[in-house]
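Peer 1: Before I ask anything, here is the structure I am working with.
The values are calculated or read from the model by the stated rules, or taken from the named source; none is laboratory data. Just so it is clear, the model here is predicted, and its values are computed rather than measured. We place every Cβ from the backbone using ideal geometry, glycine too, and count neighbours over all the protein chains shown.
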2 protein chains.
Amino acid sequence: MALLDVVALADGPMRFTDILSLADQPRGTLHRQLSHLVEEGLLEIDRDGRYLIGLRLLTLASRSWARNEFRAVAEPHLHRLQEETSETVHLGILRGAEVIYLDKVEGRQSVRMYSQIGNASPAYCTGVGKAALSALGDPELAARVAALEFRRYTEHTLRNAAELLSDISAIRARGYAFDLEEHESGICCVAAPIRSDDGHMLAGVSVTGPAYRVTPQKLQAWAPLTVAAADSIMMDMRNRMGPKR
Amino acid sequence: MALLDVVALADGPMRFTDILSLADQPRGTLHRQLSHLVEEGLLEIDRDGRYLIGLRLLTLASRSWARNEFRAVAEPHLHRLQEETSETVHLGILRGAEVIYLDKVEGRQSVRMYSQIGNASPAYCTGVGKAALSALGDPELAARVAALEFRRYTEHTLRNAAELLSDISAIRARGYAFDLEEHESGICCVAAPIRSDDGHMLAGVSVTGPAYRVTPQKLQAWAPLTVAAADSIMMDMRNRMGPKR
DNA sequence: GCAATAGTTCCATTATTCGGAACAAAATTT
DNA sequence: AAATTTTGTTCCGAATAATGGAACTATTGC
């Protein structure tokens, strides 16, 4: 898995030696491990002998994505929210201190459509992430925040734990989060938290758009819609899950 | 990997015992293997103790997809073809006797947008698949066809190797393939083959639409556009790859 | 409350991986 | 073009980790 990560994180196909320098393992060992991964279809070798991620992962991921219950339940609500706002809607799920985007619904041009799905971003500088964090209990929140390193993606990115915790208490008070160009310059969003009954799974929905089009007033106006969508998703999940447990 | 496949192929989360009955392994062994997969994030356990595919795969797949060179090169051509025809355009790559869809560009409604990406379908009953097969040399083609089992997805699905080979020689003669409701009832397409210089990688582009809207005449009219798109992709790949090798 | 089923842990045996070294093939330099 | 360095591949005894039967615990259904 460490090798898979190395290859997946690279910008392009990697030669044997490139991998060798990143994974600190003897050459013989590395060679055998790579061969096994290739056998399994997790890696592939191009005609220049360079390694890249195999298609098998795409197939596996696609199947599990399509059958993901939470995603399926949320889908109609995401579409409705998209139509109400005519901006891009995201569904993200909290994993540790990261948000993984599970779905995305765009308006007209579906350029770069898959770009976000599956993408992992730091929770502290995304709307969905902060919304999800706000649903954590204080001890758990403190633990996750303690482990964070704050990187400044833009000039508006929160700088430290204090700023984050203060923002989170504001989010708790009003019930929704803003991201005002904190992760990407020129991109703003409103987001609302989704929590499962047992509090085990935390997620969020957001409405995102370019700052020139999406004014603070608009974000404010969309907040109730976003919260409503999040609540509907929670309700549907509860109904779906209820009977079993 | 066998376990991952079992879990990924299931319709929903699987209990320990469900997996036990499919994977023939002693309980102790299976339990430990599942635990390792969970540790690595390849599997996850829901609150009912059932196993499902982990998000890590989605993240890995997403990264490699976004950086896939072939996909990136093809993308603008797919968009152009989509605009020219205003129907859905697919890019698929041949793996053995299967086609794996690498990209999809839709018109207005982007419902089920990711549904196809990463999906593997039999080559013999899809436009892209037959187009790609037609670019194989005869010995290689014979070998791959010999291993096929022909399942009848619709009443138009090709029934056996003879029908397939005959269709393929027609495809070779005219340079493009049709799928007339052979995989899914009510769905037709035209497809053109893409071959890399060394013939190592085979792929295809297709224009797909519902039979009531997409008449044979239209398919015929789109054929040259599809072939042109495939050729442009081939050219771009050649230029991109050329300098290096 | 009790049986049956489901899930988890343990540990001696067994099988696999490890990694150094030798070997082979390219790429680079002289 | 030959020599040298860099890169990629194979081999095999030693070290390590996986195996799977059995014992144990927890959960479910009657």
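Peer 1: Quick one: A:Glu106 ticks every box in (1) within 24 Å of B:Ile93 (Cα to Cα); (2) crowded, with 17+ Cβ neighbours inside 10 Å; (3) away from DNA strand C (no atom under 16 Å from the Cβ) except a single one, so which number is it?
Peer 2: Going through (1) within 24 Å of B:Ile93 (Cα to Cα); (2) crowded, with 17+ Cβ neighbours inside 10 Å; (3) away from DNA strand C (no atom under 16 Å from the Cβ) one by one, A:Glu106 breaks only (1).
Peer 1: So is A:Asp48 within 16 Å of DNA strand C (Cβ to nearest atom), at the interface with chain B (Cβ under 8 Å from one of its Cβ atoms) and under 15 Å from A:Asn119 (Cα atoms) or not? Steps first, please.
Peer 2: Values: within 16 Å of DNA strand C (Cβ to nearest atom): yes; at the interface with chain B (Cβ under 8 Å from one of its Cβ atoms): yes; under 15 Å from A:Asn119 (Cα atoms): no.
Against the criterion (within 16 Å of DNA strand C (Cβ to nearest atom), at the interface with chain B (Cβ under 8 Å from one of its Cβ atoms) and under 15 Å from A:Asn119 (Cα atoms)), A:Asp48 does not qualify.
Per-residue answers, yes or no, for (1) within 14 Å of DNA strand D (Cβ to nearest atom); (2) among the β-branched types (Val, Ile, Thr); (3) surrounded by 15 or more Cβ atoms within 10 Å (Cβ to Cβ):
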site: B:Leu9; (1), (2), (3): no, no, no
site: B:Leu20; (1), (2), (3): yes, no, yes
site: B:Leu55; (1), (2), (3): no, no, yes
site: B:Arg71; (1), (2), (3): no, no, yes
site: B:Arg80; (1), (2), (3): no, no, yes
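Peer 1: Residues to consider are B:Val214, B:Val207, B:Val190; find the one that is at pLDDT below 95 and in the same structural domain as B:Ala131 (by TED's automatic domain parsing).
Peer 2: B:Val214
Peer 1: Residue check, A:Leu42 against (1) within 16 Å of DNA strand C (Cβ to nearest atom); (2) crowded, with 20+ Cβ neighbours inside 10 Å; (3) more than 8 Å from every other protein chain (Cβ to nearest Cβ), all met but one. Which one?
Peer 2: If we test A:Leu42 against (1) within 16 Å of DNA strand C (Cβ to nearest atom); (2) crowded, with 20+ Cβ neighbours inside 10 Å; (3) more than 8 Å from every other protein chain (Cβ to nearest Cβ), just (3) comes out false.
Peer 1: Do any helices (runs of 4 or more DSSP H) entirely within segment B:1-75 hold 1 or more residues that are among the acidic types (Asp, Glu), and if so, which?
Peer 2: Result: B:2-9, B:16-22, B:27-39.
Peer 1: Pairs needed: first member in segment A:34-52, farther than 18 Å from B:Asn68 by Cα; second member anywhere, hydroxyl-bearing (Ser, Thr, Tyr); C-beta distance under 7 Å; at least 6 residues apart or different chains.
Peer 2: The qualifying pairs are A:Leu34/A:Tyr51.
Peer 1: In this structure, is B:Leu225 within 14 Å of chain A (Cβ to nearest Cβ) and of a type in the set (A, V, I, L, M)?
Peer 2: It is false that B:Leu225 is within 14 Å of chain A (Cβ to nearest Cβ) and of a type in the set (A, V, I, L, M).
Peer 1: Of all residues in segment A:83-97, which are at pLDDT 95 or above and within 11 Å of chain B (Cβ to nearest Cβ)?
Peer 2: Hits for segment A:83-97 are A:Gly92, A:Ile93, A:Leu94.
Peer 1: Right, here's the next one. Before we move on, is B:Ser232 among the polar types (S, T, N, Q) and either in a strand (DSSP E or B) or under 25 Å from B:Phe150 (Cα atoms) (or both)? Steps first, answer last, please.
Peer 2: Numbers: among the polar types (S, T, N, Q): yes; either in a strand (DSSP E or B) or under 25 Å from B:Phe150 (Cα atoms) (or both): no.
Answer is no for this residue.
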